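The values are calculated or read from the model by the stated rules, or taken from the named source; none is laboratory data. Remember, predicted model here, so these are calculated numbers, not experimental data. Every residue, glycine among them, receives a Cβ derived from its backbone with ideal geometry; neighbour counts consider all protein chains shown. The accessibility values were calculated without ligands, DNA or RNA, using every heavy atom of the protein model including side chains. Shrake-Rupley method; radii C 1.70, N 1.55, O 1.52, S 1.80 Å.
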Amino acid sequence: MLRTRLNEALKQAMLAKNQRAVSTVRLILAALKDRDIAARSRGVTDGIDEAEILSMLQTMIKQRGESIKLYEQGGRLELAEQEREEITIIEGFLPKQMSEEEVAAAVKTVVDEIGATCIKDMGKVMAELKTRYAGQMDFSKVSGTVKQQLSAC
């Protein structure tokens, strides 16, 4: 479904002559193709699944955020603005992000269901969260919430 949305977005951007959207969607599709090719070595012939695509999009957003900081430090505000525009376009393909309260509730639910009690169970909790909520939360921030809910054993 997301692959279809990406291809349709490319067509619409081309028709609208929106160069920023065309270049950004092409970057996404190129990264997706690279991941599909890399997945073939693991025996995945149909391409990567939706969760991996969402993870790839979040990585692309994170990379652009880091670039923005560097461009601003270097006084290249026009390049920083281009990166912000790309982030906006990429975010359009992600599902609605969960609020902090929703994230905390999801973490609590998963911790309870798995029966996690110690910080050593954090890997299991994070893996389950990634399976259930791919693309809906920033997992680098979620790790802090998971640590708070697990005791140090």
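Pulled fully out, how much extra length does the chain show between Gln148 and Leu15, if you take 0.36 nm times their separation in residues and subtract their Cα-Cα distance?
Length gained, Gln148 through Leu15: 43.0 nm.
Taking amide H positions as placed in the peptide plane 1.01 Å from N, state which residues far from Gln136 in sequence (5 or more) or on other chains have amide H under 5 Å from it.
Long-range HN contacts for Gln136: none found.
Length gain on complete extension for the stretch Glu113 to Ser140, per 0.36 nm per residue less the alpha carbon to alpha carbon distance?
Full-extension gain reported as 7.6 nm.
Give a residue-ordered list of calculated ³J(HN,Hα) values for segment 16-28 (Karplus: 6.51 cos²θ - 1.76 cosθ + 1.60, θ = phi - 60°; whole Hz; x for Gly, Pro).
7, 6, 8, 4, 4, 5, 4, 5, 5, 5, 5, 4, 4
With the full set of protein chains in place, find how many percent of the accessible area of the chain is carbon and sulfur; take the probe as 1.4 Å.
So the carbon and sulfur contribution to the accessible surface is 52 percent.
Taking the Cβ of Thr88 as the center, what net charge do the other residues with Cβ under 14 Å away carry, scoring Lys and Arg +1 and Asp and Glu -1?
-2
So what is the relative contact order of the chain, in percent, for Cα pairs below 8 Å that sit 6 or more residues apart?
20
HN-Hα J couplings of segment 71-83 from phi, Karplus 6.51/-1.76/1.60, θ = phi - 60°, integer Hz, Gly and Pro as x?
5, 5, 5, x, x, 9, 5, 5, 6, 4, 5, 4, 5
Could you work out the Kirkwood radius for the chain, taking every pair of different alpha carbons, averaging 1/r and inverting it, reported in Å?
Averaging 1/r across every pair of different Cα atoms and inverting gives 17.4 Å.
Between 0 and 90 degrees, rounded to the nearest ten: what's the tilt of helix 122-132 against the longest Cα principal axis of the chain?
Roughly 50 degrees between the two axes.
Quick one: of Lys69/Lys141; Lys62/Lys108; Lys33/Lys147, which pairs are farther than 30 Å apart, Cα to Cα?
From the list (Lys69/Lys141; Lys62/Lys108; Lys33/Lys147), the Cα-Cα distance tops 30 Å for Lys33/Lys147.
For segment 1-78, run through the trypsin sites (Lys or Arg not before Pro) and keep only the ones in DSSP coil with at most 11 other Cβ atoms within 10 Å of their Cβ.
Lys17, Arg42
What FRET efficiency, computed as 1/(1 + (r/R0)^6) with R0 = 30 Å and r the Cβ-Cβ distance, is obtained for Glu72 and Ile37, rounded to the nearest 0.05?
Working from the Cβ atoms, E equals 0.30.
Which ³J(HN,Hα) values, rounded to whole Hz and listed in residue order, are derived for segment 32-43 from phi using the Karplus coefficients 6.51, -1.76 and 1.60 in 6.51 cos²θ - 1.76 cosθ + 1.60 with θ = phi - 60°, glycine and proline given as x?
Along segment 32-43, the couplings run 5, 4, 4, 5, 4, 5, 5, 6, 4, 5, 8, x Hz.
Work through the residues other than Leu15 whose Cβ is under 15 Å from its Cβ and net out their charges, Lys, Arg +1 and Asp, Glu -1.
Spelling it out: positives minus negatives among the neighbours equals +3.
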